[in-house]
1. So for each of 371-380, 314-323 I average, over its residues, the number of other beta carbons within 10 Å; can you give me the resulting order with the highest mean first?
2. Using the per-residue mean of other Cβ atoms lying within 10 Å as a proxy for protection, in what order, highest first, do the peptides 359-369, 124-134, 331-341 fall?
3. Any idea what diffusion coefficient the chain gets from Stokes-Einstein, in µm²/s, Kirkwood Rh on alpha carbon pairs, 25 °C, 0.890 mPa s?
4. Hey, can you rank 77-90, 386-399, 246-259, 293-306 by average C-beta count inside 10 Å, highest first?
5. Kindly write out, for the stretch 306-321 in residue order, the coupling ³J(HN,Hα) from the Karplus curve 6.51 cos²θ - 1.76 cosθ + 1.60 (θ = phi - 60°), rounded to whole Hz, with x marking Gly and Pro.
6. Quick check: the angle from helix 403-412's long axis to the longest principal axis of the chain, C-alpha only, nearest 10 degrees?
7. Please state, to two decimals, what the Cα-based radius of gyration of the stretch 298-441 comes to when divided by 2.2 N^0.38 Å (N = residues).
8. Percent relative contact order of the stretch 470-583, based on C-alpha pairs within less than 8 angstrom and at least six residues apart?
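The values are calculated or read from the model by the stated rules, or taken from the named source; none is laboratory data. What you see is a predicted model; the values in this text were computed from it and never measured. Here the Cβ is made from the backbone with ideal geometry for all residues, glycine too, and neighbour counts use every protein chain on show. For the accessible areas, the whole protein counts, side chains as well, though only heavy atoms, and no ligand, DNA or RNA atoms are used. Shrake-Rupley method; radii C 1.70, N 1.55, O 1.52, S 1.80 Å.
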Amino acid sequence: MPQDKSTLSISPSLGPSLNLVHMHGSGSLFNNRALYISALSILLGISAGFISKILTSLIGLITNLSFYGNFSFEFSSPKHNMLGFWVIAVPIFGALIVGLMARYGSKGIRGHGIPEAMEQVLTNKSRIPPRLTFLKPLSAAISIGTGGPFGAEGPIIATGGALGSLIGQIFKTTADERKILLAAGAAGGMAATFGSPVSAILLAIELLLFEFKPRSFLPVTLASISATAVRISIEGSSPIFQIPNLSPSAYSALIAYFILGALIGLASVIVTKSVYFIEDMFDKLPIHWMWWPALGAIAVGVVGYFVPSTLGVGYDNIRDIIGGNITGKILLILFIAKFISWSISLGSGTSGGTLAPLFTIGGGLGASLALFAAYFFPSAGIDPRMAALVGMAALFAGSSRAILTSIIFAFETTLQPNSILPLLAGCSASYLVSLVLMKETIMTEKIARRGIRVPNEYSADMLDQISVGEVATQNVVTINYKATIAEARNQILTQNIRNHYIPLIDNVGKVSGIISRTDLENPESEDDTPVKHLISKPLVVLLKKNSVKEAANLMAEFDVHSIPVIEDTHSMKLCGIISRSDILKARKQKIDESKQFEKTFTFYGAANKKSSG
């Protein structure tokens, strides 16, 4: 977004090139342009809410036509079909259509949506081709409606993001503004699907925005609220995974949930690596990638024939797992079969989401481990329903490393206040294991392989925490703007001035411009020429309270190497100067402080280890 600047007029008699003074102000954290983007985000959120309803209705229509021969938009599960062996053909037929759409429509419909949106943010200035706004939801509806073991949320998130990008392109926004609109559309899509506005906001921050600023946070929040309001008006306000109330957990159970989370974290590594291993195997096939989804759909059909519950979205499976309605061998078979079906199909490059399958697999694994633990350790006080909820969130936390999204999502979709502590314990453990054992995530592995670096830590810029007054050179050598070039050269020699850039001031210390020694020592410059005529660029100044980050931004924007520092805008009295080398010194100082802390920590760690030995 454009930087906020104030402009001061000064006398043009000081030099032909010095007509304006550019001064970077601290600026507002939320300006008129941000208000405009926020207004667009509200409309975007409302649109995402209706898109979610349209897509789920379309999935319902295709499901009913494909498995039951009925013309109905009601969202239904394919698991009650009576097709027998012919059920294997339905996913294959749908996958053939998706493959053709990807081949002749857009290759961008392949995948589960979020990594593709991340790639556009990081490499293409958040420009998503407009045709994906229509092709992605249509391909996902066909894939899921014909039995694909995916969630509708991924395509809806991708569609909302594509719509946000499209609006940004139509209304001539900057790359940063398009990124905000893309993230707002994606958050609206997730909020509309699950009725989970807070986790939708966190998902946008953790996986798409790569920042936490008022200018981006508020538009995404407004989009999420708007989309949720649309969902409430259509579906009501009940949580999507409504289950009986869970009891508070004892300390022993919290320890158990932490251990459970660590085991789920290990599973998240296996799940992620398995998906990309299968994808690599498809890459080695000697046939065009257009046919891969159909091959993957064979597994979907075969598994669906033996375990019909694996077909389609499976939100009812998630509800039954965390509600304790599925237990024992049936539970074990369900989540293992879902994993096989989903991983092969996703690895084939078809269109579909990952959230619902991960929740089914994680919930099933968590509940199974809890039943095992309850048999051998009955005193631990583990509730299989709570363990299923923890497993659901922990698998997503480990696979995506969107830990805050995972915790809040599990709470919002069930509205179980007693689940917060177990979720914190389980997701933290899973996140820790994932960090130790896996370099990339299920969201970033694909784009990382293409050489795209994905930010994984969000921290305040260290230069934004240092003021110009702390690092600027205070004792500044200056030259009077009325001096001639000969007088200035003589002053440099007599005072042994080594500065490459020298400020010009008037008789009362008011800064008037800045010149370089290269221009001053140019033999073609006539001795009697006033030094003010060597000024080649508009004057850029800073206040002491400005940050070093602002100084660096101004140097890049106006292509200057040094900037005078003034007391105030009224007197324009010079009080220092900051150069590029000063900025580098400030950064080095912060780096040295960080390294010193690490050395101290390492020293104490080694000392403790030695003493204990």
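1. On the way: 371-380: 12.3, 314-323: 23.6.
Per-residue mean Cβ counts within 10 Å order the peptides as 314-323, 371-380.
2. Going from most to least packed, we get 359-369, 331-341, 124-134.
3. 90 µm²/s
4. 386-399, 293-306, 246-259, 77-90
5. Each residue of the stretch 306-321 in turn: 7, 10, x, 5, 7, 6, x, 4, x, 4, 5, 5, 4, 4, 5, 5 Hz.
6. 50 degrees
7. 1.02
8. Dividing the mean separation by the residue count of the stretch 470-583 yields 30 percent.
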